[in-house]
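Single-structure report; data block below.
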Amino acid sequence: MTPPADLPPMWYRQGQRLFWELPKYSFDTASGCKDLPLDIATTAVCASIHFIHCLNLSVEANQKGQHAVSIALVRQCVEALGVIELGVLKDRNVSAALLQAWKSDQKTAGALRKDLERAAWPIYGKGVWNESWAEYYSEFCKAVQPFAHYSAPLQGWQFAIEERSATEKGGDIFLLARIGLDTYEANKATRITLLQCLLIWTMGRILMANVDKFPFSDEIKRLGQALASATELSQGRESWAVQFWAHEFDRPNPPIKA
């Protein structure tokens, strides 16, 4: 049976069920780690708290049209997730060593990812579109890297593009956009929500690979299938850099003659 046209996409329906349950489970898991020194264990717990707070505020900001703030907070979630992962690794000796390296600032995020690629990621399986986990995670991190600071790419998310406003003249495309304190754009809001769902799926896959009797395995698998087939992600045919440009629009037809 074909779903109603106004029904939200499957990736949204699957993701929304996990938005708050999974981060809370991550917090409970980190809090229950008694095999690490207290100061090291606290690092992963704090990262879980930061993830929950940033995701909560990211969702709220996105709904208010504060899209640049929202996507900047997604970037914070990705950073926190990296620390959460270090705290839940199956190999507890590796977990302790890498958390200590992060806490003492002995290794960069890139160096830690190389350690994870060697010590943990081989058991994670594939990414969204059957690529290696290392390739998926690298692309995922790159997608939000431009939003680590207030920059021109981040500022682009402050502009609300008017629908069907694109015109073409002399090979150049012109867009009509609004700026201000209330600049909600449905297209930007949808793509940020999609990025938040990817974030939740990534967290789920990390926990599924490292935590025994993980209770959300079926939900994470269904969310992954929905993301892989999402038309909003072009089903993996476009690069991540293109997928998360600030401005997405339909080309004008026909173009204005110069």
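If we keep just the residues of segment 186-228 that are over 19 Å from the mean Cα position of the chain (by Cα) and in contact (Cβ under 8 Å) with a residue 60 or more places away in the chain, which is nearest to Val78 (Cα to Cα)?
Filtering segment 186-228 down to residues over 19 Å from the mean Cα position of the chain (by Cα) leaves 210-215, 218.
Next cut, in contact (Cβ under 8 Å) with a residue 60 or more places away in the chain only: 210-211, 215.
Working: Asn210: 18, Val211: 19, Pro215: 22 Å.
Result: Asn210.
Give Ser70, Ser26 a once-over and let me know the one that is under 15 Å from Leu195 (Cβ atoms) and in contact with a helix residue (DSSP H, G or I) (Cβ under 6 Å, 6 or more places away or on another chain).
Working: Ser26 fails: under 15 Å from Leu195 (Cβ atoms).
Just a single option satisfies the conditions, and that option is Ser70.
Take Ser31 and decide whether it is crowded, with 20+ Cβ neighbours inside 10 Å and over 30 Å from Asp182 (Cβ atoms).
no
When only residues in segment 12-32 that are in a loop (DSSP other than H, G, I, E, B) and free of Cβ contacts under 8 Å to residues at least 60 places away in the same chain count, which is farthest from the chain's Cα centre (by Cα)? Break it down stepwise before answering.
Step one: list which residues in segment 12-32 are in a loop (DSSP other than H, G, I, E, B), which gives 17-20, 32.
Next cut, free of Cβ contacts under 8 Å to residues at least 60 places away in the same chain only: 20, 32.
Numbers: Trp20: 15, Gly32: 25 Å.
Among those residues, the one meeting the criterion is Gly32.
Taking only segment 33-77 into account, find how many residues are part of a helix (DSSP H, G or I) and within 22 Å of Ile161 (Cα to Cα). Give the derivation first.
Applying the first criterion (part of a helix (DSSP H, G or I)) to segment 33-77 yields 38-63, 67-77.
Applying the additional criterion that residues be within 22 Å of Ile161 (Cα to Cα) yields 58-63, 67-74.
So the count comes out to 14.
Report yes if Ser26 is surrounded by fewer than 16 Cβ atoms within 10 Å (Cβ to Cβ) and not charged (D, E, K, R), otherwise no. Walk me through it before giving the result.
Values: surrounded by fewer than 16 Cβ atoms within 10 Å (Cβ to Cβ): no; not charged (D, E, K, R): yes.
Criteria not met by Ser26.
May I ask you to list the residues in segment 62-92 that are aliphatic (A, V, I, L, M), buried (at least 21 other Cβ atoms within 10 Å of the Cβ) and without any contact (Cβ under 8 Å) to a residue 60 or more places away in the chain?
Listed by number, the residues that qualify are Leu73, Ala80, Val83, Leu86.
Could you list, ordered by first residue, the pairs with Cβ atoms under 6 Å in which the first is in segment 93-120 and assigned to a loop (DSSP other than H, G, I, E, B) and the second is surrounded by 12 or more Cβ atoms within 10 Å (Cβ to Cβ), at least 6 apart or interchain?
Lys107/Ala101; Ala120/Leu89
Read-outs: derived from the displayed coordinates by stated rules, not from any lab. Since the structure is predicted, the reported quantities are computational estimates derived from the model, not experimental observations. Counting neighbours? That spans all protein chains shown, and the Cβs are built from the backbone with ideal geometry, glycine included.
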